[in-house]
1. On average, how much accessible surface per residue is there in segment 4-130, in Å², for a 1.4 Å probe, leaving out ligands, DNA and RNA?
2. From the P(r) of segment 109-259, can you give the percent of Cα pairs sitting at distances over 28 Å?
3. At R0 = 41 Å, how high is the FRET efficiency between GLN305 and ARG214 if r is their beta carbon distance? Nearest 0.05 is fine.
4. List the relative contact order of the chain as a percent without decimals, with contacts defined as Cα pairs under 8 Å and 6+ residues apart.
5. Between ILE16 and SER270, 0.36 nm times their residue separation minus their Cα-Cα distance comes to what?
6. Tell me the angle of helix 107-129 to the major Cα principal axis of the chain, expressed in degrees between 0 and 90 and rounded to the nearest ten.
7. Structure shown: which of LYS117/LYS139; LYS87/LYS126; LYS61/LYS129; LYS210/LYS253 lie over 23 Å apart, alpha-carbon to alpha-carbon?
8. By how many nm would the segment from ASP251 to SER477 lengthen if fully extended, with 0.36 nm per residue of separation less the alpha-carbon distance?
Amino acid sequence: MFKRLQPQAVWQLVLISLMTVVAPLGLLLYHTTVSLQTLALDSRAVTEDSVAMAQNGRNAKASLIDMERVARQYMVIGDKALVDLFKSASEQFLAPLTEIAQLLGTPEAQALLAEVKEQQRDLQTKLEKEKPNSPALTKEMAEFSSLQRSADRLILQARTFSEDKLHELGRAAAQARENVIQSSLVLAPVTLALIVLFTYLIVRPVRQLKTAIRTLSIGRQKPIELFGPQELVQLAEELNSLQERLSQVEDQKQQFLRHVSHELKTPLASIREGVALLQEEVVGQISHGQREVLHLVNENGRALQQLIENLLSFNRLNFSGQAQKMTFDMSALVEELLHLHWLSLTHKRQIICVGGPQLTLTAERPRLHSALDNLISNAIAYGASEGRIWLEWNIEDDHFILRVTNTGAPIPEAERSRIFEPFYQGSVKRSGAVKGSGIGLSVARDCIQTQGGELKLLTTTGQLVSFAIYLPRTVVSAI
């Protein structure tokens, strides 16, 4: 079921992610737009009604003034034409009040309008029937102020209605603003959570593939289980298939190397054993010249065995995982290595100077042994006859540093950047009849790098060559 839900391609996942993340924001934008549009329409309607009622109120008051003026002129002059003017002014007075009552649409407004109309009719009837100075007309004119008060109450209701509508509109705007803020507070974390989720869904399979490729590049193999777009899942399956093929090839290579190593070591061991028997004069006495030849054969046999070991070590370093760490004494490791090389040192009449504090290390001893063995072997092979070799170690800042320095021809500047490349051989020739394989320094560097350290060629002056091993300070467990 989950596989059916997986997108086929990365761009589909990105598109789905974008649409899903934008959806809440779009919903908020739509809701805000609708709210603003509703507020705008309501505001426009309230404004138009308020302006209309205010204008009608002003018109009604002006017409009421005209009515009073015409009525009083009639009482003085008694001209019937003024009655017609009063009727016209009355129509202009009642029309805006009628519109106000309609806009208000309340029973109170309709009752006030009826009261105003009744008072207007009574006054108009008196003007039409009574003589100008009759007591009844005079009394009616005295009550003209009640008509004015009734009209003012209706106009006041219109003003109150407008103010209420404006206040209501303000509350609606405040409510809309609060709704937008609340929606934003809810949708913001939802959107952020969606962004984090889809970022994880997009980045995680890519990171898994990157980790798998990096792991594969250092010789480790681990099946890739990936959940994501189908094209990345297919790529993971192809990588798994590639790992299987590489594992098969590596097994065949290891088997080949074991066979070759056995086939080379067996006759080589027989040759060295025969040489040892001859040197011990088991089959008869030998001359001084013959002893020199046997010594040369023995030395080259040992060098050839060392080349075979270097080739096997180089292969193990490239296709093996991290070795187990152990605790050991640094001085004991150096003493062991010097014992292995004492014959070569004696043959070249080289003097080795050893110095360093008594330290206990916790590290991958076989790899440190292999690295230091290669450096000492190179110092002997490329060092000057009757020269000196310095083997020194110390703790400096945050590193444990071990230096191997020898007298001899310095490494040319043009070759310094390539000496750690596998199978690279510089212009400086090593002594002895057996030619080097060019992987000693590469093996030494890999042995140190797998422990989080670094092997460097130091800059020196004069006829000196110096290499330094840098390991983290944490490898020193006791001083």
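1. Working: 7520 Å² over 127 residues.
That works out to 59 Å² per residue.
2. Working: 7495 of 11325 pairs.
Tail of the P(r) past 28 Å holds 66 percent of the pairs.
3. Working: r = 35 Å, r/R0 = 0.86.
Efficiency, rounded to the nearest 0.05: 0.70.
4. Numbers: 527 pairs, mean separation 56.4, N = 479.
Value for the chain: 12 percent.
5. Numbers: separation 254, 0.36 × 254 = 91.44 nm, distance 7.17 nm.
Length difference between fully extended and current span is 84.3 nm.
6. With rounding to tens, the tilt is 30 degrees.
7. On the way: LYS117/LYS139 18 Å; LYS87/LYS126 12 Å; LYS61/LYS129 26 Å; LYS210/LYS253 26 Å.
Long pairs (Cα-Cα over 23 Å): LYS61/LYS129; LYS210/LYS253.
8. On the way: separation 226, 0.36 × 226 = 81.36 nm, distance 3.71 nm.
The span from ASP251 to SER477 would gain 77.6 nm if fully extended.
The values are calculated or read from the model by the stated rules, or taken from the named source; none is laboratory data. This is a predicted model, so every value here is computed, not measured. In this analysis, Cβ positions are derived from the backbone assuming ideal geometry, glycine residues included, and neighbour counts consider all displayed protein chains. Areas reflect the complete protein model, heavy atoms only, side chains present, ligands, DNA and RNA absent. Shrake-Rupley method; radii C 1.70, N 1.55, O 1.52, S 1.80 Å.
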